Amino acid sequence: MLQEENDLLTRTGPGTPCGELMRRYWQPAALSEELPRGGPPIPVRLFSEDLVLFRDEASRPGLLGLHCSHRGADLSYGRLEDGGLRCIYHGWLYDVHGRCLEQPGEPVGSTFHERIHHVAYPCQEVGGIIYTYMGPGAPLPLPPYEFIRVPVEYRTNAKVFQDDNYLQGNEGNFDPVHLSFLHQLRSDDPESAQSLNAECRSPLIEAEETDYGVRIYCVRQVHGGRNYVRITNFVLPNLCAVSGTADGYQTLWHVPIDDTHHWRYMIWFSRSTTHPNRYFTRSDEMTEGHRLVRSKSNRYLQDRASMQTEAYAGLGTNFLPHDTCVTEGAGPILDRTREHLGSTDNGIIAARRRLIDAIRAVQAGQEPPGVVRDPNVRWDPEVMARSDVLLPSSVDWRDYWKNELLRAQLATVMPG
Ligand code: FES
Ligand SMILES: [Fe+2]
């Protein structure tokens, strides 16, 4: 990869080509639990922009530029009153749309406030997540992805700070060969996913372009004349769908804070069970501010003795610190000019190509894939992630998958 291409894919600040692409999609701004009713405004940095997220008295979430349009005070210290957020410096009052409702220091009858257009991004709160649209024009409807629409009772949401660029975080998700190494844990059950991943360490990786991004098949030939099939997905522009069964799957959404830090939002949903519990919410692995206990500063608490007995990486049994160690370890922005990609990197290569094409589409004045503004245009992305499919090698896993899609749609739990 050329340096220009790496810059193109990894820079997401205002006015950058990839930043322009990202801003065409709804993006998570916070978990609802970070902004309880009646709670204080919170500063939020997103795509290299400093913002403040608050709820007005009607509980509507609003996302405004952090610095007051008057003389730049930090609005996250503001007062929540009179239908909006009031700056504590001179009392200017803003509503969720960025309108300046009052400037109490100006003469009575002044219309100066009407000429102020403060930075404001529309928000929608669905399934315990506050999403924002930071792009041009009117916001499009939220996309019909199941992981967005599934009601809050059928999901678990979490987020974790990552000390690196968003793209290397996301690329780890559709790199299924690393399950045979990084995440290997001791298992005595020859039928467990761990054992099957260990049994075949050089799987076939096949990537298929879809309307939402890329579907990646990972096929391992295992004992008993069977194929262990894993299906993961790159979803444009900065997320993925992985680790699932017929009942649901995990979505990992890598949202840039700036070019060298990001949030990894984690959504697990179930079609049949309320409050599905997942390992990523394990409290002993987390500390203040949605951060992992294991970090670069403590060398991820690697225990080299345990590498012989318990875990390949010596980083405990939770996959999240494993992924964090290797992706952060590649540096603040992975230098893709120095990589050597092999056949098992087919999914990553296909995802990068799709991302570059989407950036080029926006540069050419077109809408990128999945940005459907017309509510009359039907767009029905068929996302499904599986990590539990074991088939006799005589069965064509591509056909099986198509039937599975149909079955999954019938079983879907959707509001309304
Ligand atoms: S800086 Fe905010 S009102 Fe003056
Ligand atoms: Fe991983």
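Going through the range 4-92, which GluC sites (Glu not before Pro) have at most 14 other Cβ atoms within 10 Å and a DSSP loop state?
Taking the range 4-92 and a limit of 14 other Cβ atoms within 10 Å, the loop GluC sites (Glu not before Pro) found are Glu57.
Relative to the Cα centre, what is the charge dipole magnitude of the range 257-385, using +1 at the beta carbon of each Lys and Arg, -1 at the beta carbon of each Asp and Glu, and rounding to the nearest 20 debye?
Around 60 debye, computed over the range 257-385.
Could you rank the peptides 303-309, 132-138 by their average count of other C-beta atoms within 10 Å per residue, with the highest value first?
132-138, 303-309
Using only Cα atoms, find the angle between the long axis of helix 346-363 and the longest principal axis of the chain, and express it within 0 to 90 degrees, rounded to the nearest 10.
The angle comes out near 30 degrees.
Specify which residue in the list Ser48, Ser387, Gly370 is farthest towards the positive end of the charge dipole of the chain, using unit charges on the beta carbon of Lys, Arg (+1) and Asp, Glu (-1), about the Cα centre.
Ser387
Note the angle between two axes, namely the Cα long axis of helix 397-411 and the longest principal axis of the Cα atoms of the chain, as a number of degrees from 0 to 90, rounded to the nearest 10.
It is inclined by approximately 50 degrees.
Select from Asn318, Tyr265, Gly248 the residue farthest towards the positive end of the dipole of the range 215-328; place +1 on Cβ of Lys and Arg, -1 on Cβ of Asp and Glu, and compute about the Cα centre.
Among Asn318, Tyr265, Gly248, the one farthest towards the positive end of the dipole of the range 215-328 is Gly248.
How much of the accessible area of the range 148-411, in percent, comes from carbon and sulfur atoms when a 1.4 Å probe is used?
The nonpolar share, carbon plus sulfur, comes to 49 percent.
For the Cα atoms of the chain, what angle does the longest principal axis make with the long axis of helix 319-329, in degrees from 0 to 90, nearest 10?
Relative to the chain, helix 319-329 is tipped by roughly 70 degrees.
For the range 27-103, state which trypsin sites (Lys or Arg not before Pro) are in a DSSP loop and have at most 16 other beta carbons lying within 10 Å of their beta carbon.
Filter output for the range 27-103: Arg37, Arg71.
For the range 148-411, give the magnitude of the charge dipole about the Cα centre (Cβ charges: +1 Lys/Arg, -1 Asp/Glu; no others), in debye to the nearest 20.
Its charge dipole is roughly 120 debye.
The values are calculated or read from the model by the stated rules, or taken from the named source; none is laboratory data. Because the structure is predicted, anything quoted here is derived from the model rather than measured. Note that each Cβ is placed from the backbone with ideal geometry, even for glycine, and that neighbours are counted across all protein chains shown. Heavy atoms of the whole protein, side chains included, go into the accessibility calculation; ligands, DNA and RNA do not. Shrake-Rupley method; radii C 1.70, N 1.55, O 1.52, S 1.80 Å.
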